[in-house]
Amino acid sequence: MATLISHSPEETGQLGESWGRNAVPGWVIGLTGDLGTGKTQFVKGFARGLGVTERVHSPTFALAIEYHGGRLPLFHLDLYRLENARDVFNAGLEEYFYQRNGVTIVEWAERAITGDAACQPGMRYRRVSIEGIGESGRKIEYEDFGD
C-alpha cells in the first residue's frame, strides 16, 4: 500500500488531476474517508485531469453523475445514503462498476466494495483511503487490485 501526504485541498485536487491524466478505460477507484476529508476535491481534480470542463460536485442525492466532456467518460458515484452492496444493486448502480469505456469513481466505496472482491477479469480497481491529519492535511493511502 502506498501512502501520500497532502497538505491542502489544492494538493488533494492535484493528485486527482495527475491520476486523471493517466487514467485508462475500465478503471474503478473506490474512495473511503470521513465527511470533509477531500473525496469530492479529489474527484474534481481527477475530472480536470481527464479534461472535463463541467462543474463537478458530489452526487449525494442523485447517487450517480456522468461526465462525458473529457478524454474518457467519468462516472461519479456517492454511496453515502446507501448501506451495503444490496442497496447498490437495488438502486441499479452495479453497472457502473463494469464500464469498460470510462472511469468510475465511488465515494463511500466501503459500502459496496471490499478488497479485490469486486474485481472482474480485465478490471483495474484502486482502493483509496483519505484520512484527515491536522487542520488541512490528508493522509492518502492507496492499493491497486486486478489487471
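The values are calculated or read from the model by the stated rules, or taken from the named source; none is laboratory data. What you are looking at is a predicted structure, and each value in this text was computed from that prediction instead of being measured. Note that each Cβ is placed from the backbone with ideal geometry, even for glycine, and that neighbours are counted across all protein chains shown.
Odds and ends about this structure:
- Test: residue in region 67-88 that is of a type in the set (Val, Ile, Thr) and within 24 Å of Lys139 (Cβ to Cβ): no
- Across region 129-147, the number of residues qualifying as within 15 Å of the chain's Cα centre (by Cα) and either hydroxyl-bearing (Ser, Thr, Tyr) or at pLDDT 95 or above (or both) comes to 6.
- Residue list for region 1-28, restricted to those being under 17 Å from Val103 (Cα atoms), of a type outside the set (Gly, Ala, Ser) and at pLDDT 95 or above: Leu15, Glu17, Trp19, Arg21, Asn22
- Taking region 100-126 as the range and being modelled with pLDDT under 90, more than 15 Å from Ala23 (Cα to Cα) and either part of a strand (DSSP E or B) or not acidic (Asp, Glu) (or both) as the test, the residues that pass are Arg111, Ala112, Ile113, Thr114, Gly115, Ala117, Ala118, Cys119, Gln120, Pro121.
- Listed conditions (1) modelled with pLDDT under 90; (2) closer than 24 Å to Glu143 by Cβ; (3) touching an Asp or Glu at 6+ places or on another chain (Cβ under 8 Å) are all met by Phe97, apart from (3).
- Check on Glu54, in contact with a helix residue (DSSP H, G or I) (Cβ under 6 Å, 6 or more places away or on another chain) and surrounded by fewer than 20 Cβ atoms within 10 Å (Cβ to Cβ): no
- Among the helices (runs of 4 or more DSSP H) confined to region 1-96, there are none with at least 3 residues that are of a type in the set (Val, Ile, Thr) and under 12 Å from the mean Cα position of the chain (by Cα).
- Some residue of region 77-98 being polar (S, T, N, Q) and without any contact (Cβ under 8 Å) to a residue 12 or more places away in the chain: yes
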